[in-house]
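The values are calculated or read from the model by the stated rules, or taken from the named source; none is laboratory data. Remember, predicted model here, so these are calculated numbers, not experimental data. Glycine also receives a Cβ, built like all others from the backbone with ideal geometry; neighbour counts cover every protein chain displayed. To get the accessible areas, we keep the full protein, side chains included, count just its heavy atoms, and leave off ligands, DNA and RNA. Shrake-Rupley method; radii C 1.70, N 1.55, O 1.52, S 1.80 Å.
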Amino acid sequence: MDTMPAAPPALSPPGARSQRWLARLSFALAGLAIVLLLVFAGLKSLAMLAVAVAAAAVSLAAAYVFLSRRGILRWLSFGIFVLAPIVVIVVYAFRDLLWIALLSAGLWLLASMTARAALAGEQPDWHMPEYPARPPARHPYLIMNPKSGGGKVEKFDLKPKAEALGAEVFLFGGSGPVDVAEVARQAVAGGADLLGVAGGDGTQALVAGIAAEHDIPFLVISAGTRNHFALDLGLDREDPAACLSALRDGVELRVDLGVINGQTFVNNASFGAYAEIVETPAYRDDKRNTTLNTLPDLLQGHRGARLHVRGDGVLIDAPQALLVSNNPYGTGDIAGLGRRTRLDGGILGVVSVAVSNAAQAAGLIRGRHSTGLTVLTTKQIEITADVPQIPVGVDGESILMSTPVTCTVSPGALRVWVPRERPGVPAPTPPLNWTRLRHLAGRG
């Protein structure tokens, strides 16, 4: 009886093979770092580790005391914060262990880099789908704030360049406040079929809400100071005029909008310490000193409302700082200073910090496993307080809101037109998962 020949073993694609060898290299480097410590330091390696962990905990606790106290105690803690790592270096040097520590740390750094490179191939696609930007806008209407970003509108000649592309431009003028949302509504009533903003995230959010309400495209021009929204869309933050090319050669991204008590936000809403600081009148003129003078009362509970948070079945009592973002920030970012890889996940990112003493501050070195840190994603979150109104930082602008405050997400509500050719969004850094890495290294 004839038998079928055995099928040849399947070959791994080149990408999978490189992942496998990168994973193996990361384990080899980590192992080499440990072997070097054991061979040249012996039992002293345990003492080295203990000293390093203790110094990190002392530094973090000192940082908390610096932020939560005033006077001589603040400056003593600052001195401890600076001296802690110096003491570690001196101890290692006197024990002739400094070169071992530096070499081992370098190997661990290389192991981490190769591990993340191996895990990067396991990530899902981080690119948002692109759609044709059509039909062409016949009456684009752009709102520009000449004061935003230190005068970027004038510096980059945004108004004449936009008008040359057929756009009508509304330029902020005078010293009085401008109702940006009302300007956008009147523009739509007058026939505008695309709205855009050259300004900060707060102004972007107000006009974006009107564009989403009328289902017309929205154009982001990176003329603000920080331009978080533009960054996460992959736009050019160094040359705001490059954003205008979306009018002649653009693609459409369908982006989520955050909604807080009926008001839209494109970046985040912050509560607690950050919102209280931003509300302080002196903050805009002297950010650093205002923050240092306000934080002690906030961290010790002498100022600010007591918050209660409920979201996705999780209860958070009395957080000192709470950040709710339109889609979560990258792994490990607990301050909202990083970037969001995608803005179409249909979820809110929530980060809460509750630290009441130096021991809990030291515990933050455990990252997401710290008792003082809560990180979650949800579609809705509710914030209540022991007062009828609380300050909220909505895309960097302080607003008093009545409690309870409810944050939700409106999936795919905003049609954003971006240039076809743009810097784009870099690949996200994958979380360091040693279990997954071990699986990759052993895969044949």
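List residues of segment 121-154, by number, whose backbone nitrogen lies under 19 Å from a label position 7 Å along Cα→C-beta of His439.
121-126
Would you calculate the separation in nanometres between label points at Lys379 and Ala427, each defined as 7 Å from the Cα along the Cα-to-beta-carbon direction?
A separation of 3.2 nm, rounded to one decimal place.
Taking 0.36 nm per intervening residue step and subtracting the Cα-Cα distance, what contour gain separates Glu397 from Asp239 on full extension?
Working: separation 158, 0.36 × 158 = 56.88 nm, distance 2.42 nm.
Roughly 54.5 nm would be gained on extension.
Using a Förster distance of 30 angstrom, determine the FRET efficiency expected from the C-beta separation of Val387 and Thr408, and round it to 0.05.
On the way: r = 23 Å, r/R0 = 0.75.
Efficiency for this residue pair is about 0.85.
Tabulate in residue order the Karplus-calculated ³J(HN,Hα) for segment 212-221, using 6.51 cos²θ - 1.76 cosθ + 1.60 with θ = phi - 60°, rounded to whole Hz; enter x for Gly and Pro.
5, 4, 9, 6, 10, x, 10, 10, 9, 10
Tell me, what is the per residue accessible area of segment 82-198 in Å², probe radius 1.4 Å? Intermediate results must be reported in sequence, preceding the final value.
Numbers: 6750 Å² over 117 residues.
That works out to 58 Å² for each residue.
With θ set to phi - 60°, apply the Karplus curve 6.51 cos²θ - 1.76 cosθ + 1.60 along segment 308-324 and write out the HN-Hα couplings as whole Hz, x wherever there is a Gly or Pro.
Working through the residues one at a time gives 10, 10, 9, x, 6, x, 9, 10, 10, 9, 6, x, 7, 9, 9, 10, 10 Hz.
Could you give the length gained by full extension between Asp193 and Asp317, i.e. 0.36 nm per residue of separation minus their alpha carbon distance, to one decimal place? Kindly include the intermediate steps, with their values, before the conclusion.
Details: separation 124, 0.36 × 124 = 44.64 nm, distance 4.54 nm.
Gain on stretching Asp193 to Asp317: 40.1 nm.
Pick out, from Thr408, Thr384, Ser398, the residue whose Cα sits farthest towards the positive end of the charge dipole of segment 384-444, with +1 on the Cβ of Lys and Arg and -1 on the Cβ of Asp and Glu.
Highest projection toward the positive end goes to Thr408.
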